[in-house]
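The values are calculated or read from the model by the stated rules, or taken from the named source; none is laboratory data. Here the structure is a predicted model, which is why all the values come from computation and not from measurement. Note that we place each Cβ from the backbone using ideal geometry, even for glycine, and neighbour counts take in every protein chain shown. Accessible surface areas use protein heavy atoms only, side chains included; no ligands, DNA or RNA. Shrake-Rupley method; radii C 1.70, N 1.55, O 1.52, S 1.80 Å.
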Amino acid sequence: EAAQAVLDRARERGTTRLGVEAMSLLDAYGIPTPAGEVVDSPVDALEVAEDVGEPVVMKIVSPDILHKSDIGGVKVGVDHADVYDAFEDLVARARNYQPDATILGVQVQEMVETESGVETIVGTNRDPQFGPLILFGLGGIFVEVMEDTAVRIAPLAEADAREMTEEIQAAPLLSGARGRDPVDRDAVAETLCRLSQLVTDFPEILELDVNPLVVRPDGAVAVDLRLTIE
Ligand code: ADP
Ligand code: MG
């Protein structure tokens, strides 16, 4: 199976931390992700960019860099003419941050329209007593500060998942505060259920975060991924 192959490849590399290079895990469970690929040269980066559209998003891919944007490792809105420079700059920033960092490459990703959306986080954790937990909250940097998270024990039923989207304090943001269109709660609930299935199928996944899951009026898209395996 595709998901198993992703985890096996990481283990062969001797790493327990995975990032956007493992996005196909989400694809395998029907969680929508932007088109994109991890490449290791500027020429390949441009080729992928020409496939996914203009502008694109480019990110450094390294198990040693947990928060990519903290080191300037995410570039949003890159035109094709700037892809070569962006590639070199991302690698330079990573080297500058940690000279011996393992760099897997640069991800070139379709740019998702975020204006009409809300950035949320969906994640999982393993509790020694209860097993896999599923989490939902607002995404971005506020998630740690606000402690406004809904939690359930996996496996998750659709109704539980739906409830999670209603019980966080920030729930009104999903219902269309300030004249915005309400976002697609059903898509969130479905994503939570699919994630629950993923961690139930793979006990070796200790921890997983999709931050952000961009939720728009017409669906939800996972643009970032981080996980730890046993
Ligand atoms: P990190 O969390 O490691 O800093 P992310 O991949 O989450 O890196 O990117 C940081 C931010 O950049 C996201 O929260 C989102 O606002 C924006 N972003 C990332 N990928 C995309 C994308 N494909 N389309 C639009 N915006 C994106
Ligand atoms: Mg992120």
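What FRET efficiency, computed as 1/(1 + (r/R0)^6) with R0 = 25 Å and r the Cβ-Cβ distance, is obtained for Asn96 and Thr228, rounded to the nearest 0.05?
Using R0 = 25 Å, I get an efficiency of 0.45.
Summarise the accessible area of the stretch 2-110 (1.4 Å probe, protein heavy atoms) by the percent that is carbon and sulfur.
Answer for the stretch 2-110 is 45 percent, counting heavy atoms of protein chains only.
Given a cut-off of 18 Å, what percent of all Cα-Cα pairs of the stretch 69-167 lie beyond it?
For the stretch 69-167, the share of Cα pairs beyond 18 Å comes to 64 percent.
Considering the options Ala101, Val74, Pro32, tell which one lies farthest towards the positive end of the dipole of the stretch 2-110, charges being +1 on Lys and Arg and -1 on Asp and Glu at the Cβ, about the Cα centre.
Of the options given, the answer is Ala101.
For the stretch 2-110, report the translational diffusion coefficient in µm²/s to the nearest whole number, using Stokes-Einstein at 37 °C, 0.692 mPa s, and a Kirkwood Rh over Cα pairs.
Answer, rounded: 231 µm²/s.
List the pair-distance distribution P(r) of the chain, using every Cα-Cα distance, as the percent of pairs falling in each 10 Å bin from 0 up to the bin containing the longest distance, rounded to whole percents.
Going out from 0 Å in 10 Å bins, the chain shows 8, 32, 36, 20, 4, 0 percent.
Given an 8 Å cut-off on Cα distances and at least 6 residues of separation, report the relative contact order of the chain as a percent.
About 22 percent, as a whole number.
Over the stretch 118-229, what is the mean sequence separation of C-alpha contacts under 8 Å (at least six apart), divided by residue count, expressed as relative contact order in percent?
Relative CO of the stretch 118-229 lands at 31 percent.
Suppose every Lys and Arg Cβ carries +1 and every Asp and Glu Cβ carries -1, with no other charges. What dipole size does the chain come out with about its Cα centre, to the nearest 20 debye?
Here the chain has a charge dipole of around 540 debye.
Give me the net charge of Ile31's neighbourhood, meaning all other residues with Cβ under 10 Å from the Cβ of Ile31; Lys, Arg count +1, Asp, Glu -1.
After counting each charged neighbour, the total is -1.
How large, in Å, is the stretch 173-230 by the Kirkwood hydrodynamic radius built from its alpha-carbon pairs?
Answer for the stretch 173-230: a Kirkwood hydrodynamic radius of 12.6 Å.
Is it possible to state the helix-based mean residue ellipticity at 222 nm for the chain, with each DSSP H run of 4+ residues giving -39500 (n - 2.57), the sum divided by total residues, to the nearest 500 deg cm²/dmol? What is it?
After summing the helix terms and dividing by residue count, I get -10000 deg cm²/dmol.
At 1.4 Å probe size, with every protein chain present, just tell me what the per residue accessible area of the stretch 118-229 comes to in Å².
Solvent-accessible surface per residue comes out at 47 Å².
Please pull out the direction-averaged projected area of the stretch 118-229, using the convex hull of its alpha-carbon atoms, in nm² to one decimal place.
Approximately 6.6 nm², given one-decimal rounding.
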